[in-house]
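The structure appears right after this line, and notes come after that.
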Amino acid sequence: MNHHIRLICLLLSASSVLLACQTHSKRPPSDIRAATEKEMAQVKPEWIEKECNVGLYEELFVACVTVTAKQMPVLDVNRREQFGEYYNPAEWLECMKRSAEKGGRGDGACEKFKVRRVENPEYWPNPSMPPVQWPAAPKDPVYRSWMTSRHYFEALCKAEAGEFIYKTVSDVEGVYLVRPMNYVYTGDVFDKYVEYAPYVRSRGMGRYQRDKIEFTFVGQGKYSFFEQPLPYHTSQYRSYQSKGLDKSYFEFDKLTKKNIARYSGYTGLPVPNGTSADMDRQMRVEYATQAKARYGLTWREIRRPADFEKGVLGSEIAIVDLTSGEILTLARGFAMAEQVTHAPSGRMQWSFPCPYNEKRQDLYSFTQSVLKPAAH
């Protein structure tokens, strides 16, 4: 194996020899000594929460990352999508120790060895609602053993992708988001195993860390209110005291026995003699025990043969009647993982997904084409 690699390296241009050989070679272990039990006993939970980057001197930093690595779960091959493509606690520890050798306290290149999936649970507001009847996978899959990733992606786009509108509704006052998508860091987005539903993300769900989706759905000519699960609201705003938002966003003392965050009051219009922050402060939050919306938005991943192996992932977005569980509209799409040619370390990106509807690519445009907002 090493003999073949050396031959390949010799054939490359001088400018790329070092890059190519480093890609195939394994770095030697760090020269930093292992942490002692006494040093590891000094590690505090808050240090681990902050990735050990809290101004520790070398010995305690190494102890902190050692404890962190010990707490990382073993890769479960039966739940492969829960772990990043390069997940390896031992390699992450060595990488962090190498950064300490250089005087650092962490290295972005180490994160790929630690990446794990961030869960995105559903929060159905009506326990008595019948289960949603998602469509079954086709009995005759399009996958063939000779297909490249590109062939497979294009075949799925042709055979399965699209928007399927079964029913539209007029005079809708508001919408409930059943399954918000958490923001994920760059390393997660560029990992073909743990990335959640790239097609859904391409429509604006969970795209940015401070993505306030309620401002997209509420406003003049839009819905009068927007709702989402309280756990998601608190996770977004408990540590985010922005002067650009109304104080109701942070009234966490009112959350006892509440399940829903309901947003309303925003017009989307400039405030006379005011700033953009004054305009944003129009949006207020009301905390409730039950959703007021009749219709909700949710999504799910779909599995197809050889999808992870080929790096082609599919997902579906559904608009659902929250009383009957009926799907009013379904959008199904796919995206393909592609290697970034200038990043031999394994970084990849997601292709432009299919289908693409220029007139309503974002989530709000898709929703309002089915749930027509009431005039207000």
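General observations
- Scaled against 2.2 N^0.38 Å for its residue count N, the alpha carbon radius of gyration of segment 120-202 is 1.46.
- Within the assembled protein chains, the solvent-accessible surface assigned to S276 is about 80 Å², based on a 1.4 Å probe.
- The listed residues F113, F334, once ranked by accessible area (1.4 Å probe) with the largest placed first, stand as F113, F334.
- A straight Cα-to-Cα reach below 21 Å connects K247 with the lysines K212, K257, K258, residues fewer than 8 places away in its own chain not being considered.
- Among the protein heavy atoms, those of E119 account for about 90 Å² of accessible surface (1.4 Å probe, every chain in place).
- Other residues whose C-beta falls under 15 angstrom from the C-beta of Q71 contribute a net charge of +2, scoring Lys and Arg +1 and Asp and Glu -1.
- Cα-only Debye scattering, segment 66-108: base-10 log of I(q)/I(0) at q = 0.26 Å⁻¹: -0.92
- Straight-distance candidates among the aspartates and glutamates for linking to K97, with alpha-carbon spacing under 12 Å and chain neighbours fewer than 8 residues away dropped: D31, E58, E59, D107.
- Normalised by residue number, the volume inside the convex hull of the Cα atoms of segment 78-234 is 212 Å³ per residue.
- Carbon + sulfur, % of accessible area of segment 76-127 - ligands and nucleic acids excluded, 1.4 Å: 49
- Kirkwood Rh in Å, taken over all unlike Cα pairs in segment 59-168: 18.8
- Burial order of peptide ranges 302-308, 170-176 (average beta-carbon count within 10 Å, highest first): 170-176, 302-308
- Over segment 82-178, Cα pairs under 8 Å with separation of 6+ residues give a relative contact order of 25 percent.
The values are calculated or read from the model by the stated rules, or taken from the named source; none is laboratory data. None of these values were measured; they are calculated from a predicted model. Positions of Cβ are backbone-derived with ideal geometry, glycine not excepted, and every protein chain shown enters the neighbour counts. These accessible areas exclude ligands, DNA and RNA; they are computed on the full protein's heavy atoms, side chains included. Shrake-Rupley method; radii C 1.70, N 1.55, O 1.52, S 1.80 Å.
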